[in-house]
Structures are given as structure tokens and as C-alpha cells.
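Visitor: Structure in C-alpha cells, see below.
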Amino acid sequence: MADYDYYNIEPQLQELDPNILRIDFDYRTEKHRIMCWDPYLKEEYIAMTVPWKELDSRVVTHMRRINPTKFNAFDELEQNMILREIEQEKKIEEMARSMADMLYKPLLKDAYC
């Protein structure tokens, strides 16, 4: 079991990806290192580092999202399109607000002068 793995993240990650070996804690940098095994190169590598106190369900969620066997590119594209539409709507709303302010301020100035 990994040091400071209070939420039992290591077995959950190993269920997602059998190439995940263990979670090490680097005391010098105060980060968790998720160690994996590369079957082609036959060596270990660091798949991800996680800051201290952040080894929780967010790591499992992130690994599920980037796991290529369960990754659906169409869901990712759809999510990006929705975010882009929201961003464009905010820009249009801001432009309309600034245009309304630009037209409204001279009217206020004339009304009170």
C-alpha cells in the first residue's frame, strides 16, 4: 500500500489499468508518483505525479478519462463543442452589454445635464 493512500486509490487504479504497479511517495518533492510497467520496453516509468493531499477520487476520475480502452473521442468532442458554444454565447452577451452601455451613457448624460 502506498504512503498516505487514505482513500485506497492504488487498487482502484490497478483495476482500471493492469500495468499500474504501485504508488510511491517522493518525500523530497512531496508528490505521489504513479508507477507503471511498459510491457514493450520492459521497464517502469512514472505515469503521473500527484501533489501531496490530492491523492483522492480526482486521480481515479482522471485516469478513467485518459484510459484509451474506455475513452470515447466523440464524447470528448461533444463536450468541447458545448464548451465552445458557451464561450461564444458569453462573448456575444459581453459585446451586446458593452454596446448597450455605449449607447446608454450619452442618453444619461443628456438627461441629467
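The values are calculated or read from the model by the stated rules, or taken from the named source; none is laboratory data. As the structure is a prediction and not an experimental result, all values here were calculated from the model. Note: ideal-geometry Cβ built from the backbone for every residue, glycine included; neighbour counts use all protein chains shown. Remember, those area values only see protein heavy atoms, side chains included, never the ligands or the DNA or RNA. Shrake-Rupley method; radii C 1.70, N 1.55, O 1.52, S 1.80 Å.
Visitor: Assuming 0.36 nm per residue, please report the length gained on full extension of the stretch Phe74 to Ile92 beyond their Cα-Cα distance.
Guide: On the way: separation 18, 0.36 × 18 = 6.48 nm, distance 2.68 nm.
In short, 3.8 nm is gained.
Visitor: From the C-alpha gyration tensor of the range 49-111, pull out the three semi-axes of the equivalent ellipsoid (sqrt of 5λ each), sorted largest to smallest, in whole Å.
Guide: 45, 18, 6
Visitor: Can you pull the accessible area of Asp75 for me, 1.4 Å probe, Å² to the nearest 10?
Guide: Here the residue's solvent-accessible area equals roughly 90 Å².
Visitor: Given Cβ point charges of +1 (Lys, Arg) and -1 (Asp, Glu) and nothing else, what value in debye, to the nearest 20, does the dipole of the chain about its Cα centre take?
Guide: On the way: 16 positive and 23 negative charges, 74 e Å.
Its charge dipole is roughly 360 debye.
Visitor: Sort Thr61, Thr29 from largest to smallest accessible area, using a 1.4 Å probe on the heavy atoms of the protein chains.
Guide: Values: Thr61 80, Thr29 60 Å².
Putting Thr61, Thr29 in descending order of accessible area: Thr61, Thr29.
Visitor: Using a Förster radius of 30 Å, what is the FRET efficiency between Tyr27 and Arg65 based on their Cβ-Cβ separation? Nearest 0.05, please.
Guide: Details: r = 29 Å, r/R0 = 0.96.
In this case the efficiency is close to 0.55.
Visitor: The range 43-113: which chymotrypsin sites (Phe, Trp or Tyr not before Pro) are DSSP loop and have at most 16 other beta-carbon atoms within 10 angstrom?
Guide: Numbers: sites: Tyr45, Trp52, Phe71, Phe74, Tyr104, Tyr112; in loops: Trp52, Phe71.
Qualifying residues, ordered by number: Trp52, Phe71.
Visitor: Another question, if that's okay. Once the piece of chain linking Lys105 and Glu15 is laid out straight, how much longer is it, given 0.36 nm per residue of separation minus the C-alpha distance between them? Could you put the intermediate results ahead of the total?
Guide: Details: separation 90, 0.36 × 90 = 32.40 nm, distance 6.17 nm.
Length gained between Lys105 and Glu15: 26.2 nm.
Visitor: Distance in nm between label sites at Lys42 and Met81, each 7 Å beyond Cα in the beta-carbon direction?
Guide: 4.7 nm
Visitor: For the chain, with the dipole built from +1 on Lys and Arg beta-carbon atoms and -1 on Asp and Glu ones, taken about the Cα centre, which of Ile20, Ile9, Leu108 lies farthest toward the positive end?
Guide: Most positive-ward Cα: Leu108.
Visitor: Also, quick follow-up: In nm², what is the average projected area of the convex hull enclosing the Cα atoms of the chain?
Guide: On the way: hull surface 51.3 nm².
Computing the convex hull of the Cα atoms and averaging its projections yields 12.8 nm².
Visitor: Starting from the range 16-67, pick out the GluC sites (Glu not before Pro) whose DSSP state is loop and whose Cβ has at most 15 other Cβ atoms within 10 Å. Don't jump to the answer; show the numbers that get you there.
Guide: Numbers: sites: Glu30, Glu43, Glu44, Glu54; in loops: Glu30, Glu54.
Counting only loop positions with at most 15 other Cβ atoms within 10 Å, the GluC sites (Glu not before Pro) in the range 16-67 are Glu30, Glu54.
Visitor: What is the projected area of the convex hull of the Cα atoms of the range 18-64, averaged over all directions, in nm²?
Guide: 3.5 nm²
Visitor: What ranking of Arg97, Arg28 comes out by heavy-atom accessible area, probe 1.4 Å, highest first? Can you show the working numbers first?
Guide: On the way: Arg97 115, Arg28 200 Å².
Correct descending sequence by accessible area is Arg28, Arg97.
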